[in-house]
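So the structure is just underneath, and the comments pick up after that.
FYI, it's all coordinate maths here, none of it is from the lab. What you see is a predicted model, and the numbers here were worked out from it, not measured in a lab. Here the Cβ positions follow ideal geometry from the backbone for every residue, glycine too, while neighbour counts run over all protein chains shown.
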2 protein chains.
Amino acid sequence: MQTTTPRQLDAHLIERFAAIVGPRHALTAPSDIAPHLEEPRGLFSGRATLVLKPGSTQEVSRILTLASETGTPIVPQGGNTGLVGGQMPDGTGREVVLSLSRLNRIREIDLSSNTAVVEAGVVLQVLQEAASERDRLFPLALASQGSCQIGGNLSSNAGGIGALAYGTARDLCLGLEVVLPTGEVLDDLRSLKKDNTGYDLKDLFIGAEGTLGVITAAVVKLFPKPKGRELAWAGVGSPAAALALFESALAKAGAALTAFELMERTPLDFVLRHVPDTRPPLAGPHPWHVMLEISSGRSAEDARALMEEVLTAGFEAGRLEDAVIAQNEAQALALRHLREAMSEAQKPEGGSIKHDISVPVAAIPAFIEKAAEAVQSVLPGSRVVCFGHMGDGNLHYNVSQPVGMDRAEYLAHYRAMNDAVHAVVRAFGGSFSAEHGIGRMKREELIATQPAIATELMRRIKKAFDPAGIMNPGKVI
Amino acid sequence: MQTTTPRQLDAHLIERFAAIVGPRHALTAPSDIAPHLEEPRGLFSGRATLVLKPGSTQEVSRILTLASETGTPIVPQGGNTGLVGGQMPDGTGREVVLSLSRLNRIREIDLSSNTAVVEAGVVLQVLQEAASERDRLFPLALASQGSCQIGGNLSSNAGGIGALAYGTARDLCLGLEVVLPTGEVLDDLRSLKKDNTGYDLKDLFIGAEGTLGVITAAVVKLFPKPKGRELAWAGVGSPAAALALFESALAKAGAALTAFELMERTPLDFVLRHVPDTRPPLAGPHPWHVMLEISSGRSAEDARALMEEVLTAGFEAGRLEDAVIAQNEAQALALRHLREAMSEAQKPEGGSIKHDISVPVAAIPAFIEKAAEAVQSVLPGSRVVCFGHMGDGNLHYNVSQPVGMDRAEYLAHYRAMNDAVHAVVRAFGGSFSAEHGIGRMKREELIATQPAIATELMRRIKKAFDPAGIMNPGKVI
């Protein structure tokens with residue numbers, strides 16, 4: 001019996017792939033390929049001898065047809081900003097990177113239905129701006145929005161700050177165009193709010209990280225642009241106080257509460273220390289910080305009044321130590337920047353061990369307490385760098401190395417630290433991959449920790465969609 | 001080669017199934033079984049010699065294990081209110097009905113995380129009331145809420161009036177407990193707002209109408225109970241005027257716009273003619289009517305002010321002919337009743353041919369125009385009875401028989417009428433099953449009209465999850 005060992009990428013096969021997209025869009029020179037083989041954080045890298053940049057859905061289809069016929073593994077790649085290695089080829093050099101960057105048209109914006117039809121390679125910020133110009137809001141917002149692409153956002157079911165009120169990428173998507181591993185095109189670009197026709201294929205492709213097919217276009221939801229937006233920064237004494245503030249803010253503002261971020265003092269200190277042109281948002285020190293946003297569809301005055309009501313109630317109940325409301329767009333940007341720079345600001349502090357976790361919202365204070373104990377039990381002196389989307393129960397629970405320790409020596413604890421923190425996550429019924437996905441990074445842990453029957457079902461789905469196993473092998477499952 | 005013909009349900013097999021649930025909960029007397037073999041509308045019926053009412057997830061698991069081993073087809077049934085025959089056994093008598101009614105515990109309500117863990121057999125209204133008693137809202141609301149069950153709501157991804165602001169059943173569910181056809185239990189009862197760990201199994205079971213497994217419990221979202229709710233009824237001149245009113249209301253109220261129903265005059269006339277204790281909501285006649293609801297998390301006064309602002313703007317822009325705001329709970333109930341009685345009120349008018357369709361919201365006026373032409377081309381004199389959830393693009397586009405025609409003669413046009421209306425739906429990129437599902441009723445049409453590759457993928461999923469084909473055969477796909 002012959003196993004289907006994928007062929008090496010010989011010159012003839014490269015030629016056949018290149019002929020589909022044209023020589024200009026088939027990258028083979030190492031210097032052209034290099035940017036596709038390492039992600040910004042430097043945790044994952046790979047090898048490849050061919051990067052294809054198709055210019056149409058039809059070209060993607062022809063690429064996958066040829067890949068199927070020849071058993072050539074394909075690694076779809078968007079803006080290459082993923083944090084779990086889902087967009088990286090392996091080290092063999094036989095995987096072909098499929099860049100969606102040239103599929104970058106906004107095909108349509110429908111102001112009456114509040115929808116947009118966008119191709120996979122549209123940069124998130126470009127879509128945000130196109131919506132804004134038409135007095136609409138596309139609420140997905142990520143630190144990487146200047147380079148990440150919609151196709152990648154959907155494939156990884158991206159979250160971010162706005163997910164609290166508007167949901168994750170999955171919630172923002174109404175329809176998809178997907179090229180299947182066999183090259184067939186599933187055209188389901190429908191702008192329907194309700195559609196109960198059979199199994200939910202759309203939500204299976206979303207979050208599958210390119211292992212079931214290639215998303216080439218999507219219909220996404222737009223929202224009326226809020227007439228007023230207020231951003232505030234507050235100092236609080238504890239996660240419990242922050243939780244009480246969150247509950248009170250949600251009760252008062254409901255869906256108008258469009259962000260609620262919790263941050264420990266440490267990541268703020270890192271930002272103030274390492275990121276140029278930043279300054280403390282509040283006069284005094286506080287052990288915990290909150291950034292919250294209120295958006296009103298009614299008026300600017302309404303947003304301001306609601307924010308003041310929320311903060312006043314917080315002071316009166318003793319939940320707030322101090323707070324400031326941004327007085328103009330520049331101040332709001334500066335506050336947002338403090339939050340968004342937190343990932344980056346960990347680098348100069350040495351090695352960082354990352355956790356992208358979620359627990360039930362109400363469990364956050366208890367989780368933070370137990371996780372801190374777990375961290376110290378693995379390596380005393382490690383510095384917890386905790387920040388994230390409190391309203392979603394989603395924390396970036398990172399751990400920086402003890403001061404003065406050797407970076408490599410610290411990172412040797414990566415697995416032990418992950419195990420310890422994730423054990424606490426599991427004890428709270430949480431997830432060890434809240435919004436970044438599984439990719440290459442967490443695949444083994446997923447298989448080791450999720451119920452065997454879930455792994456079995458996922459494998460059957462993978463096999464049903466991609467019998468030849470050419471779609472982004474070694475990722476997710 | 002031997003095909004796996006399911007065994008007949010012999011006495012010995014009945015005994016083995018009955019032993020799992022105990023004799024009291026294994027119904028075999030025809031009079032006990034009868035209520036499970038016909039749905040309220042009378043369109044679908046079936047035969048069975050055994051109805052099992054398990055009292056625990058473990059019993060469901062043992063039933064499915066035995067069913068798998070013996071090739072016995074299982075038909076899960078909740079409140080038996082489905083409109084497409086998804087809960088009905090076939091006519092052979094060899095299918096076993098699995099009633100989830102006894103799994104009716106609300107296992108937990110978590111006020112801080114705003115979640116509830118409920119078993120499949122909990123009646124929707126029971127959950128609504130339990131939430132309300134704890135100052136929370138469970139927003140799913142259906143005409144059948146007094147008897148439909150959460151398990152069925154999830155299996156059919158129920159919609160209803162509240163879907164506009166809160167989403168369908170799928171959007172309201174965070175985690176599931178599912179018994180697979182093999183008897184294995186997938187326990188994913190997590191209360192997480194964000195969880196990107198592999199393929200989205202949850203959303204595959206939701207809307208699968210019991211063909212991939214049996215949902216036995218779920219974690220659902222609760223919301224803070226609105227502090228103010230205002231219901232209004234308005235007369236408008238056309239669907240286009242209603243659309244303009246909707247857009248303006250959405251822009252002003254955003255997520256506070258919690259219902260926007262569009263109704264033709266005909267179904268209102270039917271209600272006033274046939275339903276006791278109903279009276280016209282407005283003084284004059286209007287060709288189209290709108291029922292809209294505003295909910296405020298802030299205060300009763302705020303809801304009233306916002307409603308008045310929306311209606312005033314509607315008058316000033318010439319979109320409204322007349323409007324009334326319910327002045328108390330009794331008036332609100334009376335207005336709601338007019339809307340909810342519309343399905344029922346068609347019966348005395350003779351045969352009715354139903355369509356549960358959706359189109360992009362902005363396409364509703366054009367759809368209504370084109371569909372009316374299609375209806376008349378099939379059978380002149382047919383009376384369009386159009387009402388539904390405008391904000392979701394979802395219309396119950398029903399067609400009552402011409403006055404005086406023989407009912408059976410009229411219903412002979414069922415297929416032709418469906419074909420004509422659904423052709424218009426397709427021309428607008430719409431769905432012929434917006435919220436009721438596929439079940440037995442629309443299976444052939446789904447297969448005939450959706451892209452072949454979608455059918456193929458759904459069949460592969462079905463086979464991957466239910467290789468023996470015992471789960472609700474002949475439904476969906």
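Kirkwood radius and radius of gyration were both taken over the C-alpha atoms of chain B, and their ratio Rg/Rh is 0.98. Three principal axis extents of the protein assembly as shown based on alpha-carbon atoms, in descending order, are 89, 73, 60 Å.
By the Kirkwood approach, averaging reciprocal distances over each pair of separate Cα atoms, segment B:124-232 gets a hydrodynamic radius of 14.6 Å.
Relative contact order, percent, of segment A:106-224 when contacts are C-alpha pairs under 8 Å separated by at least 6 residues? Reported relative contact order: 33 percent. Peptide A:185-192 has a mean of 6 when you count, residue by residue, the C-beta atoms of other protein chains within 10 Å of its C-beta. Averaged over peptide A:447-460, the number of partner chain Cβ atoms lying within 10 Å of each residue's Cβ comes to 4. Computed over chain B, the per-residue total of -39500 (n - 2.57) for DSSP H runs of n ≥ 4 gives a 222 nm mean residue ellipticity of -10000 deg cm²/dmol, rounded to 500.
If Lys and Arg each add +1 and Asp and Glu each add -1, what is the summed charge of the other residues whose beta carbon sits under 13 Å from the beta carbon of A:Q149? With Lys, Arg at +1 and Asp, Glu at -1, the neighbours total +2. The simple Förster model, with R0 at 35 Å and r as the Cβ-Cβ distance, assigns A:V378 and A:V324 a FRET efficiency of 0.45. For segment A:350-436, the square roots of the Cα gyration tensor eigenvalues, ordered a ≥ b ≥ c, give a/c of at least 1.5 with a/b greater than b/c, which places it in the prolate category. Charge tally around B:D187: other residues with Cβ under 15 Å, Lys/Arg +1 each, Asp/Glu -1 each, net -3.
Packing, taken as the mean count of other beta carbons within 10 Å per residue, orders the peptides A:277-288, B:195-206 from highest to lowest as B:195-206, A:277-288. Using the alpha-carbon positions of segment B:396-477, Rg (one decimal) and Dmax (whole number) come out as 15.8, 51 Å. The residues B:M390, B:M405, A:M417, B:M88, when put in order of fewest to most other Cβ atoms within 10 Å, stand as B:M405, A:M417, B:M390, B:M88.
Counting charges near A:G391 (Lys, Arg +1; Asp, Glu -1) among other residues having Cβ under 12 Å from its Cβ returns a value of -2. Protection proxy ranking for A:309-319, A:113-123, using the average of other Cβ atoms within 10 Å per residue and placing the highest first: A:113-123, A:309-319. All alpha carbon pair distances within segment A:228-340 were sorted into 5 Å bins beginning at 0; the resulting P(r) in whole percents reads 2, 13, 24, 25, 20, 11, 5, 1.
Backbone N atoms of segment A:214-235 closer than 18 Å to the 7 Å Cα→Cβ label point of A:R105 belong to residues A:215-220. If you take the Cα centroid of segment A:373-448 and the Cα centroid of segment B:368-397, the two points sit 56 Å apart. Per-residue mean of foreign Cβ neighbours for A:427-437 is 4 (Cβ atoms of other chains, 10 Å radius).
Short-range pairs are left out: with C-alpha atoms under 8 Å and at least six residues apart, the relative contact order of segment B:228-340 is 46 percent. Reported to the nearest whole Å, the Cα centre-to-centre distance from segment B:289-329 to segment B:241-274 is 11. Each Cα pair under 8 Å and six or more residues apart adds its sequence gap; the mean of these over the residue count of chain B is a relative contact order of 15 percent. If you sort the three axes of the alpha carbon gyration tensor as a ≥ b ≥ c, you get a/c of 1.5 or more for segment A:118-166 and a/b no higher than b/c, which makes it oblate.
The distance from the alpha carbon centre of segment B:126-160 to that of segment A:11-39 is 54 Å, rounded to a whole number. The distance between label points at B:A416 and B:E444 comes to 1.6 nm (points 7 Å beyond Cα on the Cα→Cβ vector).
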